[in-house]
Every structure is written in C-alpha cells, then in structure tokens.
Amino acid sequence: MSHDSSKDKTALTPHEIRALYQERTPEEADWLAFGRRVSADRRGFLKNAGLATMGAMLGAAIPFHRNMPAGLIPAAFAQDSGADLMQAKDGLTLLNDRPLNAETPAHLLDDDITPYARHFVRSNGLIPQTALDQNAENWTLTIDGEVEKPLKLTIAELKNEFETVTQQMWLECGGNGRAYFQPGASGNQWSVGAIANAEWTGVRLKDVLNAAGVKSSAVYTGHYGNDVHLSGDPEKVVISRGVPIDKAMEAENLIAWAMNGEPVPALHGFPLRLLITGYPGSASQKFLTRIWVRDKVHDGSKMTGYSYRLPAYPVAPGTEVPESDMEILTVMPVKSLITFPETGVKVPAGQPAEVRGHAWAGNGDVKAMHVSIDFGQTWAEARLDPPPNKYAWQRWRADITLPEAGYYEVWARATDKDGKMQPPVVPGWNPRGYGNNMCHRIAVFAA
Ligand SMILES: Nc1nc2c(c(=O)[nH]1)N[C@H]1C(S)=C(S)[C@@H](COP(=O)(O)O)O[C@H]1N2
Ligand SMILES: [Mo]
C-alpha cells in the first residue's frame, strides 16, 4: 500500500493510521496521514488540506487544532472500537466500549475453568498496539528500585531461567457488584460478572524478585504496562498499582505468558501479565513491562485519592469521606456465584433439582457454602469441593426441593476460613462502590 498519494488519504483506516505512526517518524506520519506539516515551533499546526482531511475523517471540525502536537494520533483513531476483539467473546454484557469493559452473566460462568470467550474484560485505557499485533519480539520486563541487581528480562529468559508454573487463579474486579450500591457510585456498573477463573502459566513473581535480590528497604511494588491512556498522551500512565512486598512474595503470584494454554490474549494483557492472588484485579497488571520495588507505599496512577480505596471506618451511605480517611483496598472479601440454573428458570415442584456455582475468598480458602430457598430464613449446607490449587475458585453443589408451585429465590452464601460470611444485603457503602460481596440470588419458578 502506498501512503504517498495525496488523493486517497481519506481512505486510510484507523489501523493503517496506527501502522503509519509505528513505521515512520511522527512528522512523516503526520504528513502522510493527514498532510500535516510541522511548523517552525514543532507544534505541527494542521493547515488547509491536512486539517480538512483530519476533520473529514473525524466527522467534525477541530476547534483547537492549533494546540494539537505533532505526532498525536487523534484518540478517536487510536484504537478500533474494540468490537472486533469482542466478537470472540460469548454473551458478555458490554458496559463501555472506550475503554473496553464487559462482564459475564452468572449462568455463563459455570465452567470450572473460565474459557477465554467468557472471561470478563476490564480496561482502564486502550489496548496497546503490541497486543493488537500480537508482537512480543522486543518485549522486556524490568525489575528495579529497591533491589540488589536490577533486571531486564526477555520473555525467553523468563521461560528459561525460572521454574514454569501452571495453576488456576480467580480474578475479580474490585468494583464487581458496584451497580447495587445506593446511592450509586460512578464507574462501570458491574453487577456480578466481573469475576473469572482461568488457568495461567508463567513464573513465580517471588522467584523473579528473589533473582533481583529484594533489599530490606523494600516496602511495596509498583506495576507498569504499556497500554495507552484514553487521551492518547504517551506521557500519561493508564494505571499503576502495587502491593505490599510481603504480599508480592507469596508463592502463588505469577508473571504469566499463557492463559488456558494459549498466549495471553490482547484483551487480557499480551504478552505478559501479573497475577496477584486475593487482591482486587487492578493489582494484576496487564501488558506488564516493569515492576518497580518501592521504599514506600506505591503512589502510581489509581493508587491514591478515591481509586480502589475504602473509608478507614464504616460510613452511612452517601457520606462525603475526606480523601485522607481513605485506605487502600487489599484482600477481597469472601464471595460466591450461582452459575446453574440461570435466573428465571422453571423447575418441577416437589422434586430435587441441582443448584451449583463457585466460591472464592481473598484470604485463601472458603470453608463452607450454604443455600436458602426461603429468603434467608433457613440455610442448608452445600457440598463444597476443595480448590484444585490455592486461589482457584471452589465448586459447590446443592440439591433443592421447592415444596409447591410458585415463586422462589435461591440465595447462596459462602463462609471464609475466619468465619466471615457474605451478607444478604449490600455491605459497607463506600464512595466508589468497591467490595460488594452480598449473597448472589436467582429467581426460580416451581410448577
Ligand atoms: N495494564 C493494565 N492492567 C490492568 C488494567 C488496565 O487497565 N491496564 N486493569 C486492571 C483491572 S481494574 C482489572 S479488574 C483486571 C482485569 O483483567 P482482565 O481484563 O484480564 O479481566 O486487570 C487489571 N490490570
Ligand atoms: Mo478492576
């Protein structure tokens, strides 16, 4: 394809535009894509035909075009809508397409190992070009900061120099259940489906940190990826969270290159992603490029303010909590899902019917599982399998018999190893709607 003809400029697709900016200097790409010339002060004013070209492609005039720096790909072109990537997903509910966020209805999460097609997607920025192109050729992971020997590892070195581990790991967004808070909280309105349990392959985070030699001054990790900020500004960090160093050194955390036996898909962090167990999903950096070992609590993007933070004390719904009273959300609370049957199902009255799902807890194992068919008046113990490995979710099953025709609800309640249970109502209101672990319930009609 030739980009040199001025006639067919409007024919460039967003993909072709991105390719130009990858292959050429920003100035060349500006000129080739839009006829934009760099002015003497290098701010690259768009003029005449170039401005008209970009405006035509955007479908709108650009009032502040004089402020657009050279080499800035308009964010509107910086990524395809994502619809193409979502086509391989099966039955997910799209909450936002820019950034791409989609959750999975509970009844589609019945598999023990969540297939790619049903794994929720949570993006804070745009999927990086390297992931879209499945290009891991020059990928490196840097470990630096409070370490004896900073490392810069290729994926081949990770694979060759450390023991490979494959294990199931659940991953839940800290905002899962946000939709049920009253008053509501801003952000993606996740209902129950920002949870999944895939099988991940990689190396232990602990082994890599030990190879770098963690200094006694280490306090926290800070994670970085190469995804693109929604503004398109390469200087802005999309999200950079971290965990206390003791948590980071837990044996089950992984730096993974494969999910369910395939290279980590673009939507889930190609080519490398971190998996921190038991913490909100935001600690599990996708598109992982760097782990900065800090001598203080990490203060990266979305570590501070109200992001992924809870009030240090219980507050009444709607309270304005001062920022200084907010604490980092760490261990995720105990929780469960009913994945079979689907809500609204009809079952015969007076006959046993199977109900089943999964249970998980941020502090490790789930100890017990109960179900109720009478709005929480009585609870019957369900059969609960041990996890195949620590921090995989656990299968539970129960047989229920609905005594006569009518409307029932099945409620499910998990109890963790410390005896903490899921509440029947939304717990702990907080300004941004994190950590809702209320019992999952489904409607069942007996006939
Ligand atoms: N680089 C990067 N890593 C990230 C995110 C992101 O936007 N960018 N989102 C985080 C959040 S908030 C969650 S819940 C999980 C979601 O992982 P998934 O999209 O693979 O389900 O990734 C985390 N890691
Ligand atoms: Mo999240």
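Values computed for the structure shown
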read-out: Where the Cα pairs of the stretch 91-328 fall when distances are cut into 10 Å bins, in %; value: 8, 31, 37, 20, 4, 0
read-out: Inter-site label distance for Ala380 and Ala251 at 7 Å from Cα along Cβ, in nm; value: 3.8 nm
read-out: For the stretch 306-376: rounded, prolate or oblate by the Cα gyration tensor [a/c cutoff 1.5]; value: prolate
read-out: Cβ-placed point charges (K, R +1; D, E -1), dipole of the chain about Cα centre in debye, nearest 20; value: 760 debye
read-out: Set of lysines with alpha-carbon distance to Lys236 below 18 Å, sequence-local pairs under 8 removed; value: Lys286, Lys302
read-out: Efficiency of FRET from Cβ geometry, Tyr180 and Val331, R₀ 25 Å, rounded to 0.05; value: 0.75
read-out: Given 12 as the ceiling on other Cβ atoms within 10 Å, longest exposed-site-free region of the chain for GluC sites (Glu not before Pro) in DSSP loops; value: 1-136
read-out: Rg(Cα)/(2.2 N^0.38 Å) for the stretch 162-288, N = residue count; value: 1.12
read-out: Charge tally in the Cβ shell below 9 Å around Val214, where Lys, Arg are +1 and Asp, Glu are -1, Val214 excluded; value: -1
read-out: Using alpha carbons only: equivalent-ellipsoid semi-axes of the stretch 368-440, gyration tensor based, whole Å; value: 23, 19, 10
read-out: Sequence-separation-based contact order of the stretch 335-446, relative, with Cα cut under 8 Å and 6+ spacing, percent; value: 34 percent
read-out: Estimated FRET transfer efficiency when R0 is 60 angstrom, pair Thr343-Glu148 (beta carbons, to 0.05); value: 0.65
read-out: Fewest-first sequence of Phe375, Phe162, Phe64, Phe120 by Cβ atoms within 10 Å of each Cβ; value: Phe64, Phe375, Phe162, Phe120
read-out: Lys302 paired with Glu27, simple spin-label distance in nm, labels 7 Å along Cα-to-beta-carbon; value: 3.6 nm
read-out: Difference of contour (0.36 nm per residue) and Cα-Cα distance, Arg66 to Val315; value: 84.9 nm
read-out: Segment Ala88-Leu58, length gained on full extension (0.36 nm per residue, minus Cα span); value: 8.1 nm
read-out: The stretch 398-447, Cα convex hull volume normalised per residue, Å³; value: 99 Å³
read-out: Those trypsin sites (Lys or Arg not before Pro) in the stretch 260-307 that DSSP places in a loop and that have at most 12 other beta carbons within 10 Å; value: Lys296
read-out: For the chain, the Rg and Dmax computed from alpha carbons only, in angstrom; value: 24.4, 83
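None of the figures in this text is laboratory data; all of them are computed from the coordinates on show. Just so it is clear, the structure is predicted and the values come from calculations on it, not from any experiment. Here the Cβ is made from the backbone with ideal geometry for all residues, glycine too, and neighbour counts use every protein chain on show.
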